[in-house]
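The structure follows.
Just so it is clear, none of the values below were taken in a lab; they were calculated from the coordinates. These figures come from a predicted structure and were not determined experimentally. When we count neighbours, we look across all protein chains shown, and the Cβ atoms used for this are built from the backbone with ideal geometry, even at glycine.
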Amino acid sequence: MAQPAPEKVDRKARSQLPAVTAQVRPPDERVRDFDEILILHTPEEAIAEASRCLQCANAPCQQACPLHNDIPHAMERLAAGDFLGAAAVYRRTNPLSEVCGRVCPERFCQDACTLKRLDKPLDTRRLEAFTATFARTLAGMPTPEIAPSSGKRVAIVGAGPAGLTVAEKLTCMGHTAVVFEHHPHPGGMMLYGIPRFKLGLEIVEAKLAWLEALGVEIRCNVSVGRDISLPQLLAEYDAVFLGAGAQEQYRADLPGETLEGAYDATQFLCRANLPAELLPEAWRAPLQVGARVHIIGGGNTAIDCMRTALRLPGVQEVTCYYRRSVQEMPAEPEEYRHVLEEWGNFVWLTCPAEFLGDAEGRLRAITYQRMRLCAPDESGRCRPECVPGHEITLEADTAVLALGYRPNKQLLASVPELRLGRGGVVEVDAPETGRTSVPGLFAAGDVVHGANLLAPAVAHATGVAQAIDEYLRA
C-alpha cells in the first residue's frame, strides 16, 4: 500500500515565526551558586521552537553535527509533541545526548541552521538537551537490545566520553567491556573537566548508573601505567581501547610556579566544583582562594576557571591574562559572553614572567611581560612576542594556569612500537576506525586529536567501536 505523501512545509511562514530560545539564569543570581545556569524549554516552548524548523532537504544542521544527528526528524517529532520519539531519534546517533545538548558550542548544528541568515537560528542544542532530559525524567533511559555473548573481552582505558561510548557500543554488540579509570569516579572530562554550572552532576550519574546496569564494568582508582601496564592489558584482553584523553597539563616552567596559591586548571576546577569523596585523596583539603584571582590562558578551560572562581566565597576580582588578543582567543564566543556577564576581567597581550611569594612560600604577586603580535604561526593565529622593558608586577592571592593539555607521555611510552604524532598524540589509520600501529590497540578522542570538544570524541569513538567489533569477529 502506497504511503501518503509527506505534508509540504511552508518554509516562508515558518521563517517568520518568532524564536523561542532557551534562557540562562540572570548573572547576579547564577554567580551565587554552582547550579546549572541553563533554563530548559517548557514543553510548550519546545514545540513552538521545533515548529520553526524548515526541514531543509540538505539538512545543514545534520551535516555540521559531529555525530550527524537526524535533527530535522527530531524537530518533526518535537513539533508534534512526541518528546519520547524525538529522544529516540537522538539516541540512534548520540549516546550522550543530554550532555551534548548542554556543552556543545554554537558553531556546530546551531550556526549551520538556515535560519541563521535571518539572525534567528533554531535553538537546536537546547532542544536536544530538553528532549533527552524530558525523556530521562519521565520514562528513564530504555535498555537497548544486547547481542549474544561473543566471549571476547575488551579493556578500555579511561572512563570519559570516548571510553564510555566504546564500552556501551561493545556491550550492546555482545562483548565484555572492562573500563579502567585512574580517578576515584568515572566520567572523565564530564566530571573532572566541565563545571557543574554547565553540566549538572545528576546527569552524569544517571548515565553511569545506566551503563553499569547494562553490564559495563568500571574499575576506578586504577592507573594504567602504574597499577597495570598497557602491555599487560594487551596480553590479557582480546582488544584494548585507549580513551585516556589529554590529561597532562602544559606547564609555564617559570620561577615560583609551584608556590602555594598557584594551581593547575584541573585541580582548581575539581576542588571547587566537586564533593571531596569524588576527588583524589591529595585534593580533598579545602581549596584556599584569596580575593584577587589571576587566570593564565585563553581557552575554554581558562573561562571555566574564571567562572568557577567568581562563584567562590571571598573572591573580589577575577582577571584573565592572555598573551594574544581577543581575536586570537580560542575560547568559544558564548563562553566569553557568559564570563563578561558575570563580571570577569581580561587583560590582553600579557604573559607571566615570574610568580612571587612571601616568606611562608605563598603567592603574593605575579610579574607580567607585555607582548605584541607578529606574523601568524602554524596555528593560523598571530604569534606573540615579548616587548623588552615592558614588565609590570601585580598583587595576586591565587593563580590558575590553564595552558592546555596533551596525552600522558608515561602511559604511551610503555609500548615502544606505538606510533605517536606531533604533541605526543596517538597516530591512527583514520579517526573513524582508530587502528593504531599496534595490533589490537585502538584509540579515539583527545588522545588522538589533542584536547578537543566532547561531541567529536563521541563521534569518533562510535566508529572505533564498530572497527573493534569487526576486529574481534575476524
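What is the Cα centroid distance between region 230-246 and region 121-157, reported in whole angstrom?
25 Å
So, one more: Could you list which residues have their amide H under 5 Å from that of Ala399, counting only those 5 or more apart in sequence or on another chain, with H placed in the peptide plane?
Ala262, Tyr263, His294
Continuing with the same structure: Where in the chain are the DSSP H helices whose alpha-carbon span along the long axis reaches 27 Å or more and whose Kyte-Doolittle mean is at least 0.0? The partial results should precede the final answer.
Values: long enough: 454-473 (29 Å, 0.45).
What comes out of the filter, once short or polar helices are dropped, is 454-473.
Binning every alpha carbon pair distance of region 229-330 at 5 Å from zero, what are the percents per bin?
2, 10, 17, 19, 18, 12, 8, 6, 5, 3, 1
If you find the alpha carbon centre of region 300-352 and of region 367-391, how far apart are they in angstrom?
Between the Cα centre of region 300-352 and that of region 367-391, the gap is 19 Å.
Just want the ordering: Phe34, Phe241, from fewest to most Cβ atoms lying within 10 Å of their own Cβ. Please list the in-between numbers first.
Values: Phe34 20, Phe241 32.
Arranged by neighbour count, lowest to highest, Phe34, Phe241 become Phe34, Phe241.
Taking GluC sites (Glu not before Pro) that fall in a DSSP loop and have at most 11 other Cβ atoms within 10 Å as cut points, what is the longest piece of the chain between them?
146-359
Highest first, please rank the peptides 305-313, 12-20 by the mean number of other Cβ atoms sitting within 10 Å of their residues.
Values: 305-313: 21.7, 12-20: 12.7.
Going from most to least packed, we get 305-313, 12-20.
Would you mind calculating the gained length between Ala276 and Lys116 on full extension (0.36 nm times residue separation, minus the Cα-Cα distance), in nm to one decimal?
Fully extending the segment from Ala276 to Lys116 adds 53.3 nm.
What ranking do Ser379, Ser325 get, fewest neighbouring Cβ atoms within 10 angstrom at the top?
Fewest-to-most ranking of Ser379, Ser325: Ser379, Ser325.
Here's another thing I want to ask about it. List the lysines whose Cα lies under 17 Å from the Cα of Lys120, skipping any in the same chain that are fewer than 8 positions away.
Leaving aside lysines fewer than 8 places away in the same chain, those within reach of Lys120 are Lys12.
I would also like to ask the following. Sequence-distant or interchain residues sharing an amide H contact under 5 Å with Glu248, placed H: which?
Arg406, Asn408
Another question, if that's okay. For Asp358 and His390 in one chain, what is 0.36 nm times their gap in residues minus the Cα-Cα distance, to one decimal in nm?
9.1 nm
Would you please give the FRET efficiency between Cys382 and Asp82, computed as 1/(1 + (r/R0)^6) with r the Cβ-Cβ distance and R0 = 45 Å, to the nearest 0.05?
It comes out at approximately 0.35.
While we're looking at this one, here's another question. Along the Cα→Cβ direction, 7 angstrom out, place labels at Ser437 and Ile39. What is the inter-label distance in nm?
Simple spin-label model gives 5.5 nm for this pair.
How would you order 293-303, 59-69, 398-408 from highest to lowest mean count of nearby Cβ atoms within 10 Å?
Going from most to least packed, we get 293-303, 398-408, 59-69.
A further question follows. Which whole-Hz couplings ³J(HN,Hα) result when phi for each residue of region 354-369 is put into the Karplus expression 6.51 cos²θ - 1.76 cosθ + 1.60, θ = phi - 60°, listed in order with x for Gly and Pro?
So the J values, rounded to whole Hz, are 6, 9, 10, x, 9, 5, 8, x, 9, 4, 10, 7, 9, 8, 10, 10.
Amide H of Ala353 versus every other amide H placed in the peptide plane: which residues, excluding those fewer than 5 positions away on the same chain, fall under 5 Å?
Thr367, Tyr368, Gln369
I would also like to ask the following. On a full-extension model of 0.36 nm per residue, what is the gain between Ser15 and Arg32, subtracting their alpha-carbon distance, rounded to one decimal in nm?
Numbers: separation 17, 0.36 × 17 = 6.12 nm, distance 3.82 nm.
Using 0.36 nm per residue and subtracting the Cα-Cα distance, I get 2.3 nm.
Spelling out what I want: for every residue of region 222-238, take phi, set θ = phi - 60°, compute 6.51 cos²θ - 1.76 cosθ + 1.60 (Karplus), and round to whole Hz; glycine and proline get x.
10, 9, 6, x, 10, 7, 8, 8, 5, x, 5, 5, 4, 7, 8, 10, 6
Under the Karplus relation 6.51 cos²θ - 1.76 cosθ + 1.60, θ = phi - 60°, what is the ordered set of whole-Hz ³J(HN,Hα) values for region 177-184, x standing for Gly and Pro?
Those phi angles translate into 10, 10, 9, 10, 10, 7, 7, x Hz.
So, one more: What FRET efficiency would be calculated for the residue pair Asn221, Arg422, taking the C-beta separation as r and a Förster radius of 30 Å, to the nearest 0.05? The partial results should precede the final answer.
On the way: r = 32 Å, r/R0 = 1.07.
It comes to 0.40.
In addition: Compute the distance in nm between two label points, each set 7 Å from the Cα along the Cα-to-Cβ direction, one at Ala209 and one at Gln466.
With each label placed 7 Å out from Cα toward Cβ, I get 3.2 nm.
Two decimals is fine: what is log10 I(q)/I(0) at q = 0.09, 0.11, 0.15 Å⁻¹ for region 11-139, from a Debye sum with one equal scatterer on every Cα and no solvent?
Each listed q maps to, in turn, -0.23, -0.35, -0.65.
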